[in-house]
Amino acid sequence: MGQEVLKTVDLVKKFGEFVAVNKVSLAFTEGERTAVIGPNGAGKTTFINLVSGQLFPDEGKVFLNGEDITTLSAYRRVRRGLNRTFQIPSVFKSLTVEENFEIASTVSQKNQADYSDLAETLGLKTYLKTKAGVLPYGLMKVLELGMAILSSPKVLLLDEPTAGLNVGEKERIVALLQSLSSRMSVIVVEHDMDVVFTIARRIVVMHRGELLADGPPEEIAQHEKVREVYLG
């Protein structure tokens, strides 16, 4: 068992009378590859937003490396080693791919050689001088993932990284995730079960804002309640 890097304690988030996340407590260790799955409306993205600082909980705490980061802004969480991607790519569309990488690299003070190599791995090297806003959707998602990796996070949160991608783009994302440092913890919200069972060594299942199951893929695949409400 690796060292604990991220922990949530009894997280609660309500939108009016609707409880999107209800008393969710989870701990993640260094280098762990975790997928968070569940039906639409299960609270997966809200949970990621609470962890990353896009939302703040009504109750509960978030800890990163033992530090209470519950009230810290998303930017300060990035500085402490927690970064994320979004369902809809969040990049600087008016800037070139190279300039996007330069901005991301300033977080961890990396140099051009580092992101040049990454751009080649991502299939973006020929697009370095291209404005990010004119990239095909799939390449824009690949760029966003590359920017997140360049910040050298201890914990990387990915919200549906392969949604809307073609087979080749999915394979590139999966290969990249499998090649990441063994010390980086990755938490992926994903609907594509082929992707989930390829990259995850642990699967957390949410349903109606609560934890339904938590375990290795082979256990989750046979979990009766999970099969009933989600896997079919």
- Task: With the checklist (1) modelled with pLDDT of 95 or more; (2) under 22 Å from V205 (Cβ atoms); (3) not in a strand (DSSP E or B) in hand, flag the one item V21 doesn't pass.
- Result: (3)
- Failed condition for G41, given (1) in contact with a helix residue (DSSP H, G or I) (Cβ under 9 Å, 6 or more places away or on another chain); (2) farther than 20 Å from V9 by Cβ; (3) in the same structural domain as V174 (by TED's automatic domain parsing): (1)
- Query: For region 199-232, which residues satisfy the criterion of being crowded, with 18+ Cβ neighbours inside 10 Å, of a type outside the set (V, I, T) and in a helix (DSSP H, G or I)?
  - Reply: Y230
- When region 163-186 is checked residue by residue, the ones that are under 11 Å from the mean Cα position of the chain (by Cα) and either surrounded by fewer than 21 Cβ atoms within 10 Å (Cβ to Cβ) or polar (S, T, N, Q) (or both) are S185
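The values are calculated or read from the model by the stated rules, or taken from the named source; none is laboratory data. Fair warning: this is a prediction, and the values are worked out from it, not measured in the lab. We place every Cβ from the backbone using ideal geometry, glycine too, and count neighbours over all the protein chains shown.
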